[in-house]
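> Structure provided below as structure tokens; questions to follow.
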Amino acid sequence: MVVSGLLLTIPPRVLSFGTVNTIGQKTEHEHITRAALACPPGTKSSGDCFEPLSLSQLAGTSGTLGAVGAPDAFPIEEPAPAHCDDADFFDSAAYNPAKPYPVSREAATFALQVCIAHLQLRFEEGKSSAKGLLDSKDRIIKSEVDLLGGGECTFVPALKGRAKCNVFDGLGRILHGIQDFYSHSQYSVLLMIVI
């Protein structure tokens, strides 16, 4: 009952491209992240893919958000910048002057710039956290990277954890925003029409 009450406070666009399968959504963010970044089954990473344990922290697993789902965790990040909402535009006046597109070119451009600035901030947060992975002699600090002995990461903005988790947090939030840009706009459809 509490979950259904909380869902009423979530903007419909946030629910349209899901993170957790427990609230009637599909886990699109997890699936896209896994498809893009997973190592082939049984293959160790040579630096170009994520092995299962790290990928589970980044992409999430059944019933968990992972870093890529963090913008959908309570409290949900402000929709416009974290989810790239309203960053699309279509010059519909050329086709139907009586029904203009609900977002102006200027508003769409501004929303996209706000989204990009937000994602750059998240990138800087992740990059800054990466400094905590190494000691003063550039050796890996085991306690900062250990996902087995250190337990799962927590991706709640007020709770920062081990350096590796904080790096995943920044990366996951960037991936979420990029995925949402394409799912919340018609940009990819327009790109296909132009090509």
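> Being under 26 Å from Thr64 (Cβ atoms) and surrounded by 12 or more Cβ atoms within 10 Å (Cβ to Cβ): is that true of Leu134 here?
Judged against the criteria, Leu134 is not a match.
> From (1) surrounded by fewer than 20 Cβ atoms within 10 Å (Cβ to Cβ); (2) in contact (Cβ under 8 Å) with a residue 40 or more places away in the chain, pick out the condition that doesn't hold for Arg105.
Evaluating Arg105 over (1) surrounded by fewer than 20 Cβ atoms within 10 Å (Cβ to Cβ); (2) in contact (Cβ under 8 Å) with a residue 40 or more places away in the chain leaves (2) as the failure.
> Follow-up question, since we're still on this one. Quickly run through region 33-65 and pick out the residues that are at pLDDT 90 or above and either among the aromatic types (Phe, Trp, Tyr) or under 17 Å from Gly150 (Cβ atoms) (or both).
Scanning region 33-65 gives Phe50, Glu51, Pro52, Leu53, Ser54, Leu55, Ser56, Gln57, Leu58.
> Which of the residues that make up region 108-123 are exposed (fewer than 12 other Cβ atoms within 10 Å of the Cβ) and either hydrophobic (A, V, I, L, M, F, W, C) or in contact (Cβ under 8 Å) with a residue 12 or more places away in the chain (or both)?
Scanning region 108-123 gives a single hit, Ala117.
> Quick check on my filter: what residues within region 137-164 are in a helix (DSSP H, G or I), among the small types (Gly, Ala, Ser) and surrounded by 13 or more Cβ atoms within 10 Å (Cβ to Cβ)?
Selection gives Ala163 alone.
> Another question, then. Give region 137-186 a look and list any residue that's closer than 16 Å to Pro71 by Cβ and β-branched (Val, Ile, Thr), or say none.
Thr154, Val156, Ile174, Ile178
> I've got another one for you. Would you point out which residue out of Pro81, Pro97 is more than 19 Å from Ala59 (Cα to Cα), under 17 Å from the mean Cα position of the chain (by Cα) and not acidic (Asp, Glu)?
Values: Pro97 fails: under 17 Å from the mean Cα position of the chain (by Cα).
Checking each option against the conditions leaves just Pro81.
> Being of a type in the set (S, T, N, Q) and under 17 Å from the mean Cα position of the chain (by Cα) is the filter; apply it to region 138-174 and report the residue that is farthest from Ile116 (Cα to Cα).
Selected residue: Thr154.
> I'm trying to understand the selection: among the residues of region 35-71, which are in a loop (DSSP other than H, G, I, E, B), touching a residue at least 40 places away in the same chain (Cβ under 8 Å) and of a type outside the set (Ser, Thr, Tyr)?
Correct list: Gly60, Gly63, Leu65, Gly66.
The values are calculated or read from the model by the stated rules, or taken from the named source; none is laboratory data. These numbers come from a predicted model, not from an experiment. Heads up, the Cβs are rebuilt from the backbone with ideal geometry, glycines too, and the neighbour counts pull from every protein chain shown.
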